[in-house]
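The values are calculated or read from the model by the stated rules, or taken from the named source; none is laboratory data. Small disclaimer: the values here were computed from a predicted structure and weren't measured. Neighbour counts run over all protein chains shown; Cβ positions are idealised from the backbone, glycine included. SASA here: full protein model, heavy atoms, side chains in, ligands and nucleic acids out. Shrake-Rupley method; radii C 1.70, N 1.55, O 1.52, S 1.80 Å.
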Amino acid sequence: MQKNQIMISYGDQSKKMVKELLKEIKVETGLRQNDLIALKPNLINPTKSSQGATTDPEIVAGCIEYFRERGFNNLMIIEGSWVGADTERAFEVCGYKELSQKYDIPLYNLKKDNFIKKSYQQLEIEIAEKALEADYLINFPVLKGHCQTRITCALKNLKGCISDSEKRKFHRHGLHRPIAYLNKLLKQDLIIVDGIYGDLDFEEGGNPVKMNRIIAAQDPVLVDAYAANLMGYSIRDIEYIEIADQIGVGSKDLSSSEIIELNQDRETDITYSSGKIKKLTAKVKAKKACSACYGNLIHALKRIEETGQLDKIAGFIKIGQGYQGEKLFGIGIGSCCSGADGFVKGCPPSARDTLDFLAENYNIRV
Ligand code: SF4
């Protein structure tokens, strides 16, 4: 895999999808058989991945099986939950204790680890020894919103590799600069983003949006730039992406990237129980809409809601395969709605493209 590539698999069969991605990437190339491979999920709190906060254990299981099948046995799972959450409890509730027993892989609570002081541009950061020891670090962030930094994905997920006191310090320093600097001091070799479910706006979950995809990349800055776009943000909205780009952690330049989609997904399970999501989609008429497409639309509508202009949407927005070939009055989302008076191109179109299109058509300032 090249540094400018982003590979995507759509669907919700996470174990199978991750194995296909790793095979395509040929992740084992260049690795020695006894290299220590660290698997770093996001287990911010003890909640199931379907709540939108934590990494689906099936994704990590797929990765373990992939390496095992190729004779790589020196694997470990590492994580430290957020301040106030018990990592051991998160290991149990999120399914990682079971994973560790099933595959006989050590599970390290990084809150209990030794910490090594490292510094970059006069900022000293205590980093868990286990994370630094790894020969190859695979980061498994969740694609989700964050109340302070707007999104959280690859760059921010390394926060689970620092001490609790350091996490508090990061907040005192406004998060953005320390997150970027941490990534200068601790290198991630591969990123597998869990985009099956991710929370709409909070890192602790509760309003999960089914996005039905797993995204793989080697550049954390590039994949975060892509994630920002998927959630309807401009890269300049996420300061830590800009800083990480400037200090050479990676490149935010999506125009030079190569997006490789391994498949298409037509899964249409879009039942949402969250009141927040129901409110956002009150003006949407879906007919067999793919989860991936509908998820992007929800993020675009959320960005509009934040500007207080959701009520400018007049009539109904159409989305879904059920509209294919129909002449539609008003606005549609994606190539299925090409018969509408106006529609966003793409299959699925990104949240950013959807947002720009809706803004233009409904005279919304974003
Ligand atoms: S445009 Fe149609 S087929 Fe494509 S993702 Fe959207 S709903 Fe599915």
*Long-range amide H contacts for H146: which residues qualify at under 5 Å (H placed 1.01 Å from N, peptide plane, sequence gap of 5 or more or a different chain)?*
I151, T152
*Paramagnetic label zone (point 7 Å from Cα along Cα-to-C-beta, S50; backbone N under 19 Å) in region 199-238*: 199-200, 204-214
*When only alpha-carbon atoms count, how far does region 93-177 stretch along each of its three principal axes, as whole angstroms with the largest first?*
42, 30, 22
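Just by accessible area at a 1.4 angstrom probe, what is the order of D253, D201 from largest to smallest? Mind showing how you got there, number by number?
Details: D253 65, D201 20 Å².
Descending order: D253, D201.
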*How much length, in nm to one decimal, is gained on full extension between V366 and L262, taken as 0.36 nm per residue of separation minus their Cα-Cα distance?*
34.2 nm
*Run a plain Debye calculation on region 159-257 (Cα atoms as equal point scatterers, no solvent) and give log10 I(q)/I(0) at q = 0.12, 0.14 Å⁻¹, rounded to two decimals, same order as the q list.*
-0.42, -0.58
*Are there cysteines in the chain with no other Cys C-beta under 4.7 Å, and if so, which?*
C63, C94, C147, C153, C161, C336, C337, C347
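Rank K283, K130 by accessible area, highest first, at a 1.4 Å probe radius? Don't jump to the answer; show the numbers that get you there.
Working: K283 75, K130 40 Å².
Ranked from most to least accessible, the order is K283, K130.
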_In 5 Å bins starting at zero, report the fraction of Cα pairs in region 34-152 per bin as a rounded %._
2, 11, 20, 23, 20, 14, 7, 3, 0
*Residues whose placed amide H lies under 5 Å from that of L75, excluding near-sequence neighbours*: I37
*Mind listing the long-range amide H neighbours of G346? Cut-off is under 5 Å, sequence gap 5 or more, other chains count too, H placed in the peptide plane at 1.01 Å from N.*
S335
_At 1.567 mPa s and 4 °C, Stokes D of region 238-283 from Kirkwood alpha-carbon radius, µm² per second_ = 87 µm²/s
_Can you give me the solvent accessible area of F343 with a 1.4 Å probe, rounded to the nearest 10 Å²?_
60 Å²
*Which value in nm describes the separation of the simple spin-label points at V93 and S335, placed 7 Å from the Cα toward the beta carbon?*
4.2 nm
*Could you list log10 I(q)/I(0) for region 288-332 at q = 0.23, 0.30 Å⁻¹, which the Debye formula gives when each Cα is one point scatterer?*
-0.90, -1.11
*Based on the Kirkwood radius over alpha-carbon pairs, what value in µm²/s does the Stokes-Einstein equation return for the translational diffusion coefficient of region 1-57 at 4 °C and 1.567 mPa s?*
94 µm²/s
*Excluding same-chain residues fewer than 8 positions from K288, which aspartates and glutamates have a Cα within less than 16 Å of its Cα?*
D265, E267, D269, E326
*Karplus (6.51, -1.76, 1.60) ³J(HN,Hα), θ = phi - 60°, over region 251-260, in Hz, Gly and Pro reported as x*: 10, 8, 7, 5, 5, 9, 8, 10, 9, 10
*Order these peptides, 79-85, 323-329, by their mean beta-carbon neighbour count within 10 angstrom, highest first.*
79-85, 323-329
*How about K23: which lysines have a C-alpha closer than 16 Å to its C-alpha, ignoring those fewer than 8 places off in the same chain?*
K15
*asked:* Please compute, for the alpha-carbon atoms of the chain, the extent along each of the three principal axes and give them in descending order in Å.
replied: 61, 44, 38
*Determine the principal axes of the Cα atoms in region 134-212, then give the extent along each, sorted from largest to smallest and rounded to whole angstroms.*
33, 31, 18
_Cross-link candidates for K302: which lysines have Cα within less than 21 Å, leaving aside residues fewer than 8 places away along the same chain?_
K144, K210, K276, K278, K279, K283, K285, K287, K312, K318, K345
*Once you have the Kirkwood Rh of region 275-362 from its Cα pairs, apply Stokes-Einstein at 10 °C and 1.306 mPa s and quote D in µm²/s.*
127 µm²/s
_Solvent-accessible ranking of H171, H299, H176, largest area first, probe 1.4 Å_ = H171, H176, H299
